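Student: Provided herewith is a single structure, encoded as structure tokens, for subsequent inquiry.
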Amino acid sequence: MKIAILGAGAMGSLYGAFLGENGADVWLIDIWPEQVERLNKQGLVIEEGSNHKLYKVKATTEKEQIGPVDLILIFVKTYQTTEALRDISPLIHKQTIFMTLQNGLGNHELLAQRFGKSAVFAGTSSFGATLIEPGRIRIAGRGETVFGACNNNYRKEDLDKLFLLFEGSQLNPRLTEDALVQIWEKLLVNVGINALTAITNVPNGYLLKNDALLSLLEEAVTEAETVARKLKVTIAPNPVEKTKKIALLTGQNFSSMHQDLHKGRQTEIDAINGKVAELGSEIDLNTPVNKTLTLLIKAITEIKKK
Ligand code: NAD
């Protein structure tokens with residue numbers, strides 16, 4: 001299978017290396033010349049625990065040189081999706097399928113609008129990865145890649161092909177009947193952990209040790225749960241308990257929003273707490289905690305820029 005991955009950062013490089021090792025013809029696409037040059041010249045080093053492994057990969061800043069592909073996997077940050085999808089027509093043939101495993105809401109809707117729902121598959125990844133320097137990433141943890149179709153008109157052979165591809169690539173696939181529910185389930189956890197740890201500069205586990213932060217976590221997740229239920233998204237019961245469990249399991253980790261904010265980078269707040277607030281106001285549901293967290297992240301982002 002010929003694959004193009006949009007975004008050769010932490011996750012794009014990881015998935016690209018694993019898929020390539022399984023025999024797929026993978027192209028990593030990025031706008032960051034230093035990363036592309038390092039990947040082509042030296043390969044990708046993946047650190048995991050005390051192990052280091054070098055993967056041979058192909059990377060480019062020029063989409064045009066690749067030609068049509070069978071799968072386009074999107075792994076840019078959510079606020080980069082629109083730009084990354086610009087000018088991708090040279091990559092597309094009649095049967096090209098699209099997949100997003102990005103965090104937050106709005107990504108698969110964007111793809112479906114552009115390329116049609118039946119060509120789009122979406123879900124979540126519980127792998128964790130950090131980019132250490134160009135050409136080098138660290139796997140923080142392995143998990144499942146859970147995905148499914150975005151409507152009932154998809155080609156079953158596409159989903160089967162994706163499952164086998166991911167299974168052979170050690171990406172631990174699991175299929176879901178409803179990709180949107182899967183995305184919301186992960187969103188609820190991110191709503192409770194990411195912004196709070198970023199604003200207060202603490203690792204995930206600290207949220208459970210501080211009464212004020214714990215109460216904000218509970219309120220943020222409950223607001224998001226109420227929005228999801230009002231929108232008839234059939235999420236599992238008790239997302240607050242699930243979020244606390246994940247904060248405990250990942251206690252020593254710093255969330256991706258924490259890392260982005262403290263490195264002076266833009267965050268995915270608009271697709272996480274910001275999206276909950278936006279959807280809430282569309283259906284007349286007040287979400288004061290999510291609104292406040294969104295504004296605080298935006299304020300700190302601005303301050304860090306100066
Ligand atoms: P990242 O910032 O490491 O990588 C994004 C890459 O996209 C960067 O290398 C950037 O240069 C590139 N890019 C930006 N604009 C582009 C464009 N127009 N065209 C091509 N490339 C472009 O981000 P990441 O950590 O790999 O995360 C990617 C997505 O996966 C996010 O939505 C994130 O929430 C999600 N995710 C991350 C993890 C994780 O552990 N890192 C886990 C699960 C999900």
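Student: Scan region 58-78 and give yes if some residue there is touching a Ser or Thr at 6+ places or on another chain (Cβ under 8 Å) and over 27 Å from residue 116 (Cα atoms), otherwise no.
Tutor: No: zero hits.
Student: Just to be sure, is residue 73 more than 19 Å from residue 135 (Cα to Cα), aliphatic (A, V, I, L, M) and surrounded by 15 or more Cβ atoms within 10 Å (Cβ to Cβ)? I'd like the intermediate steps shown before the answer.
Tutor: Details: more than 19 Å from residue 135 (Cα to Cα): yes; aliphatic (A, V, I, L, M): yes; surrounded by 15 or more Cβ atoms within 10 Å (Cβ to Cβ): yes.
Answer is yes for this residue.
Student: Within region 143-154, track down each residue that is open to solvent by 30 Å² or more (accessible area, probe 1.4 Å) and modelled with pLDDT of 95 or more.
Tutor: Scanning region 143-154 gives a single hit, 144.
Student: Please specify each residue of region 11-22 satisfying the condition of being open to solvent by 20 Å² or more (accessible area, probe 1.4 Å) and either within 10 Å of the ligand (Cβ to nearest atom) or of a type in the set (A, V, I, L, M, F, W, C) (or both).
Tutor: The one that is open to solvent by 20 Å² or more (accessible area, probe 1.4 Å) and either within 10 Å of the ligand (Cβ to nearest atom) or of a type in the set (A, V, I, L, M, F, W, C) (or both): 11.
Student: Determine which single condition residue 172 fails, assuming it passes every other condition in (1) of a type outside the set (D, E, K, R); (2) more than 25 Å from residue 284 (Cβ to Cβ); (3) buried (at least 19 other Cβ atoms within 10 Å of the Cβ).
Tutor: (3)
Student: Having 2 or more residues that are free of Cβ contacts under 8 Å to residues at least 24 places away in the same chain is the bar; report the helices (runs of 4 or more DSSP H) wholly within region 199-306 that clear it.
Tutor: Helices (runs of 4 or more DSSP H) meeting the threshold: 211-230, 239-249, 273-282, 288-305.
Student: Would you confirm whether any residue within region 262-284 is farther than 29 Å from residue 127 by Cβ and basic (Lys, Arg)? Explain how you work it out, then say what you get.
Tutor: Here is the first cut: in region 262-284, the residues farther than 29 Å from residue 127 by Cβ are 280-284.
Then keep just the ones that are basic (Lys, Arg); that gives none.
No - not one qualifying residue is present in region 262-284.
Student: Where the second residue is surrounded by fewer than 24 Cβ atoms within 10 Å (Cβ to Cβ) and not in a helix (DSSP H, G or I) and the first is of a type in the set (Asp, Glu) and lies in region 13-25, which pairs have Cβ atoms under 8 Å and are six or more apart or on separate chains?
Tutor: 21/55; 21/169; 25/1; 25/2; 25/3
The values are calculated or read from the model by the stated rules, or taken from the named source; none is laboratory data. Source: prediction; values computed, not measured. Backbone-built Cβ (ideal geometry, glycine too); neighbour counts: all protein chains shown. To get the accessible areas, we keep the full protein, side chains included, count just its heavy atoms, and leave off ligands, DNA and RNA. Shrake-Rupley method; radii C 1.70, N 1.55, O 1.52, S 1.80 Å.
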